[in-house]
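The values are calculated or read from the model by the stated rules, or taken from the named source; none is laboratory data. As the structure is a computational prediction, the values presented were derived from the model and not from experiment. Virtual Cβ from ideal backbone geometry, glycine too; neighbours counted across all protein chains shown. Heavy atoms of the whole protein, side chains included, go into the accessibility calculation; ligands, DNA and RNA do not. Shrake-Rupley method; radii C 1.70, N 1.55, O 1.52, S 1.80 Å.
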Amino acid sequence: MPRTDRRSAPLVGILMGSDSDLPTMEEAAKILQEFDVRFALHVASAHRSPDRVARFAREAEGRGFRVLIAGAGGAAHLAGVIAAHTVLPVVGVPMDGGSLNGLDALLSTVQMPGGIPVATVAIGKAGARNAALLAIQMLALGDPKLRRRLLAYRAKQTAGVLAKDRQVQTRYASARG
């Protein structure tokens, strides 16, 4: 894969083991879009296209990527295979589904051998959103503007919780003794 002009290159690579993972991994893409973080989405299977996965991981840094997010279900080897071929941070998103509702993918993703770390987030869509936020946190270490947007995002979350609390308190004010 050719090198890219780093000023326009995607900073986050999102890989998924199957196109059936797209509805979940799109959640990561939405968060990255909200923060104006450039990303690329790819389908690449650790089992069905291992050479493509290895090549992508080896070339990712040279192409300008700074963080890689990998979503996979079942045996969920994608994040580990990627991590084995790069020193970039890798965030694994276990897919929900299957007979174990994603628990198999969670355990496969989180139980990496010492020396090849994969940050692992929650199963499914919440995990995909958190993977994107974790990538943004990593990128924000060297980008003050992105850090300010992340702080504003957190403040907005806090304000939303406080507003919901006020609604609950108002609704149940008469129930207090």
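Surface exposure of the chain, expressed per residue as accessible area with a 1.4 Å probe, stands at 55 Å². Here the extension length gained between Ala126 and Glu26 equals 34.9 nm, from 0.36 nm per residue of separation less the Cα-Cα distance. Within region 110-132, find all residues whose amide N lies under 20 Å from a label point positioned 7 Å from the Cα of Leu103 along Cα-to-beta-carbon. Only 110-112, 120-127 pass the distance filter. The alpha-carbon of Lys125 sits under 18 angstrom from the alpha-carbons of these lysines, leaving out residues fewer than 8 places away in its chain: Lys30. Helical runs assigned H by DSSP (4 residues or longer) give the chain a calculated mean residue ellipticity at 222 nm of -15000 deg cm²/dmol, each run adding -39500 (n - 2.57) before division by the residue total. Karplus-derived 3J(HN,Hα) values for region 137-142, using 6.51 cos²θ - 1.76 cosθ + 1.60 with θ = phi - 60°, are 4, 5, 5, 5, 4, x Hz; glycine and proline are entered as x. Here each label is just a point 7 Å from Cα along the line to Cβ, and for Lys164 and Arg55 those points are 4.5 nm apart. Under the simplified labelling scheme, the Ala75-Asp19 pair shows an inter-label distance of 2.3 nm, with each label point 7 Å from Cα along Cα→Cβ. The simple spin-label model puts a point 7 Å past each Cα toward its Cβ; for Ser8 and His47 those points are separated by 3.9 nm. Each residue of region 147-157 was assigned a 3J(HN,Hα) from its phi angle through the Karplus expression (A = 6.51, B = -1.76, C = 1.60, θ = phi - 60°), giving 4, 5, 5, 5, 4, 5, 4, 5, 5, 5, 4 Hz with x at Gly and Pro. In this structure, the amide hydrogen of Asp96, modeled 1.01 Å from its nitrogen in the peptide plane, lies closer than 5 angstrom to those of Gly124, counting only residues at least 5 positions away or on a different chain. Close amide H pairs (under 5 Å, H built 1.01 Å from N) link Gly71 with Leu15, Met16, Gly17, Val93, residues at least 5 positions away or on another chain.
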